[in-house]
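In what follows, a single structure is set out as C-alpha cells and then discussed.
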Amino acid sequence: MYRYDVYDHRLVADRTTQFRDQVRRYLAGELGEEEFKQLRLRNGVYLQRHAYMLRVAVPYGLLNARQLRMLAAIARDFDRGYGHLSTRQNVQFNWPRLADIPDILDRLASVEMHAIQTSGNLVRNITSDHLAGVAPDEIEDPRPWCELLRQWSTLHPEFSWLPRKFKIAVIGAKSDRSAIHFHDIGLRIVHHSSGERGFQVLVGGGLGRTPVIGKLLREFLPARELLSYIEAVLRVYNLAGRRDNPQKARIKILVNTLGLDAFRTRVEAEWLATRGPALEVDEHEIATLRGFFAPPAYDSRSAIDPEFPARVAADPAFERWYVHNTLAHKVDGYRIVVVPLKTRGRAPGDIWASQLEALAGLAERYTFGEVRTTHEQNLVLADVAQRDLEALWRGLDGQGLAHPNAGTVTDMICCPGLDFCALANAGSINVARAVQERFERLDRLYDIGEVKLKVSGCMNACGHHHVGHIGILGVDKHGAEWYQFTLGGSADDDAALGQRLGAAVEKARVAEVVEQLLDVYLALREPSERFIDTYRRVGIAPFRERIHGIDTPTQDHCRPLAACA
C-alpha cells in the first residue's frame, strides 16, 4: 500500500497544527460558529445530535495492522470503545470531545492517516473496489490511479469550494463492486481495441433526495489524459453548478438541466482549451505508484492444504463460514475472506477496539498485514492461504467476527439514523436490529439467498436505500417514525433505482413487512433466482398486493420528501 513521502508528512502535520489553533480560537470565542463550521468540516468534524463526530479517511479502503491498532487506541482513549465503518470506506468516531480532536489527528498522522476532505464541498475520499488486486475478473488494479487522484485532489486550490461535495470511484474489473453509477464521476479501466489502456467515464450519478443513475460521458479516455479531463469536468461544474440551493447543487442536477450532450460539449471544449503536458499522466509516475501495490509474495504450493476438503466436511460450522464468507482469489491456493460487521445486537458497521486489535494480529499472522474496508460496511482480508483458513476462522470466531451471513438479508447497509444524525427523520439502527432478530436462523437465510437490504433514516440516503433490492426509508409522519419501502434497486452493473411499494408502515411492522416481501419471493421464484431476479420477472404487483392489498400505489401523507433535512 502507499507510503507517505516527506511532502505527505509535512502536509498532514501542518494541517493538524492549523486545526489545533482553529479549535483553540473557537473554544476561546475568537471564531464564530459559521466561521468554524467551514474549517472543521474540511477536517472531517461533524456536529451530530449529541456530540461531534470525526470521520477518518481510509483512501480506497486500505488499512495496515499498525493503523488498525491506532484506530483501536483512539476508540478506547477518546471515544466509547468502538468505531464505525461508513459507506465510503472511511472510519467514524461518534463521541470525541472537540478539544481532543487535534490530539486524535496527531495520533492518526503518526501512522500515516488523516481526516482531510472527508467532508465539505470538495473532492471527497476516492473509493474503489474492495477486491482490487485479487479479484479473478480484474482487468487492471485501480489503486495506483486512485492514489494519483488522491494526490491531485488533496487541497486542490481551485476545487476546495465547489457548489457541493464531489465523489469519485474507480474500478478495474468486469464487475462493479463500487457503485460507480452513483458517483459524481465513476471511472472504469478499459482496454481499447488498439490495446491502449484508458477509462470509461460516467458522470452525474448520485442518491439523496434526487437519485440519478450516472450517464456515459466518454466511452474511452486515454489513461494519460485522466487528470486533464477530470479537471475539465470539475471546472465546468464549479463555474456552472448552482450555489443558491444546496439541494440543487450536485453535478447530477447540472447534467440533467443542461442535458448530457450539452454538458459533454462544454467539458470537451474546456478540455481541449486547457489540456497540456503539465497534467498529462507520466508513465514513470504511474509505474512508481504501481510499485506500492505490487502483489505480495504468494506461494501457491505451500498455501494449499491437501487435507482441506476433509477439514471442511468434518465441521459444519467451518463449512458454513467457508461457503458464505470466503470468495475466489485470482491466485491458486488463496481465498478472500469477508468479515461482516452485521450480527445481532450490533449496529451495522460498528466494530469494538478489542476487535480491531485482534484483527491486526490476525492480519499479520495470516494475510500480509492488510485489512480492507468495503462500501457495504464490512471488512475484507484479501490474501488468505487455504492452509490458514481454519485457524483464521477460529480467531475471528473468538472475536464475534465470523458470523456466516455475508450477502444475506441481515448483511445490510444501514446509516446511523436518528440515534446520531441531526438530519435524520427516523431511526435506522433499531430497524436493523429488528430484522436481525427476525432472521436469526442460518438455514432460513441461506434458503432466501442473496438479498441486498439497505436502510436510510432520511432522504439524504446515506444507507443507499434507493439501490437496495429492498430499500427502507425512514420518514416523519405527524411526529412519528414511519418507513417507506422500495423494491428492485441495484448498485451493480445492472444499476437501477427501486420502485416505491406504497404507503409507509409504522416502525413496529418493518421487520414483518420484510418477511412478507421475502415470503412472496419464495413463493414465486424459479430455480436459481435471487430476489432481484424474481422481482424483475414478476414486477411489483404481487409484492404490493401482499403488503397493501392493492395493485396500485396509495397516497402517503408523510412529511414531503423535499422538506426532509
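A few remarks follow.
- Being surrounded by fewer than 23 Cβ atoms within 10 Å (Cβ to Cβ) and of a type outside the set (G, A, S) is true of F159.
Condition check ((1) under 22 Å from the mean Cα position of the chain (by Cα); (2) in a loop (DSSP other than H, G, I, E, B); (3) in the same structural domain as H183 (by TED's automatic domain parsing); (4) surrounded by 24 or more Cβ atoms within 10 Å (Cβ to Cβ)) across all residues:
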site: A422; (1), (2), (3), (4): yes, yes, no, no
site: E440; (1), (2), (3), (4): no, yes, no, no
site: Y446; (1), (2), (3), (4): no, no, no, no
site: N460; (1), (2), (3), (4): yes, yes, no, no
site: L473; (1), (2), (3), (4): yes, no, no, yes
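- Some residue of segment 535-553 being in contact with a Phe, Trp or Tyr (Cβ under 7 Å, 6 or more places away or on another chain), at pLDDT below 95 and not in a helix (DSSP H, G or I): no
- Considering residues of segment 235-249 that are crowded, with 16+ Cβ neighbours inside 10 Å, touching a helix residue (DSSP H, G or I) at 6+ places or on another chain (Cβ under 9 Å) and of a type outside the set (A, V, I, L, M) only, the residue farthest from L217 (Cα to Cα): K248
Every residue, every condition in (1) outside the structural domain of G208 (by TED's automatic domain parsing); (2) touching a Ser or Thr at 6+ places or on another chain (Cβ under 8 Å), yes or no:
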position: R243; (1), (2): no, no
position: Q247; (1), (2): no, yes
position: K252; (1), (2): no, yes
position: L272; (1), (2): no, no
position: E280; (1), (2): no, yes
position: E283; (1), (2): no, no
position: A310; (1), (2): yes, no
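- None of A310, A287, A347, A294 is over 26 Å from the mean Cα position of the chain (by Cα) and either over 30 Å from Q89 (Cβ atoms) or not in a helix (DSSP H, G or I) (or both) except A310.
- Among (1) within 30 Å of N430 (Cα to Cα); (2) touching a strand residue (DSSP E or B) at 6+ places or on another chain (Cβ under 9 Å), the one test that E357 misses: (2)
- Any hit, segment 454-465, residues being among the basic types (K, R) and more than 20 Å from G205 (Cα to Cα): no
- When S194, S175, S119 are checked against the criterion of being over 23 Å from R55 (Cβ atoms) and within 17 Å of the chain's Cα centre (by Cα), a single residue qualifies: S175.
- Lone unmet requirement of (1) surrounded by 19 or more Cβ atoms within 10 Å (Cβ to Cβ); (2) under 19 Å from the mean Cα position of the chain (by Cα) for W482: (2)
The values are calculated or read from the model by the stated rules, or taken from the named source; none is laboratory data. Keep in mind that this is a model prediction, so the values were computed, not measured. Glycine gets a Cβ as well: all are built from the backbone with ideal geometry, and neighbour counts include every protein chain shown.
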